[in-house]
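For reference, the structure is listed below as structure tokens.
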Amino acid sequence: MTLLGALGLMLSACGPEPATTATTTAETTTGTDGTTTGTTTGTTTTSPTTTGPGTTTSDTTTSDTTTGGACLEFATTVPPDGEEVPAQFTCGHEAPVCPSNGVAGLFSFEESPEFDDKVSTEDLSRVHCLLEALRDRTAGEVAYELSWPVLGTDKGTLEIAGEFVIARREVVEDFNYEYEEAALVLEPPQVFADCRAQNTASAAWGCLRPYILVDTQQLACVAAPLVCE
């Protein structure tokens, strides 16, 4: 018995110590409705919260994105890598309207069209066709060129889409490059009818000038987002 007691004391002294368990105590409260709430300590992560259209907020960052209301217009002086600048805005109306019969530009000038009102045309019937197409809101695309002493080209398109037209113009003059594009609201049909009735190149240019020169200062522009007709 003495020997067994001694062995027991030796094993107790050499054995592993008991493992220590960390216990986290949470304070709980039971309400009258039977629900239990507690206090939790730890890391809290706040996810971004959407507070309205186009607006996202978080603890540290707020970003606003404009989703509409801006004029549909574009301009660049950087020549494209390819042959031409791709259309920035389009309704897909690519059917040719008032095609050229191979003569000189739609209008001819002695100087730059921006500063020269002495306009002429070698294809008045095509000019009339364009006025009628805008009057009747004929869906399709008119391709044109302007003739003047430019060391390059002055050309563009007018894509007719219901009550507005997408005007595009590209001017290459020597080493200078300009491209403009905008969606412009069409004036009432009677305006184009009156220009057609005058039967002159100068009267037609007076009506078509702000569309061909992509003049957003004279004409109302279409606001984003683009809604095709």
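Every number here is computed from the coordinates shown, using simple stated rules; none is lab data. Remember, it's a predicted structure, so these values are computed and weren't measured experimentally. Backbone-built Cβ (ideal geometry, glycine too); neighbour counts: all protein chains shown.
Things worth noting here:
- Residue within the stretch 89-107 that is crowded, with 21+ Cβ neighbours inside 10 Å and not in a loop (DSSP other than H, G, I, E, B) present: yes
- Candidates GLU114, GLU122: the one that is closer than 22 Å to ILE166 by Cβ and either surrounded by 14 or more Cβ atoms within 10 Å (Cβ to Cβ) or of a type outside the set (A, V, I, L, M) (or both) is GLU114.
- Scanning the stretch 118-145 for residues that are hydroxyl-bearing (Ser, Thr, Tyr) and part of a helix (DSSP H, G or I) gives a single hit, SER125.
- Every residue from the stretch 162-195 that is out of contact with any strand residue (DSSP E or B) (no Cβ under 8 Å at 6 or more places or on another chain) and buried (at least 19 other Cβ atoms within 10 Å of the Cβ): PHE192, CYS195
- Some residue of the stretch 143-158 being more than 21 Å from SER108 (Cα to Cα) and aliphatic (A, V, I, L, M): no
- The residues of the stretch 196-223 that are buried (at least 16 other Cβ atoms within 10 Å of the Cβ) and among the small types (Gly, Ala, Ser), listed by number, are ALA201, ALA203, ALA204.
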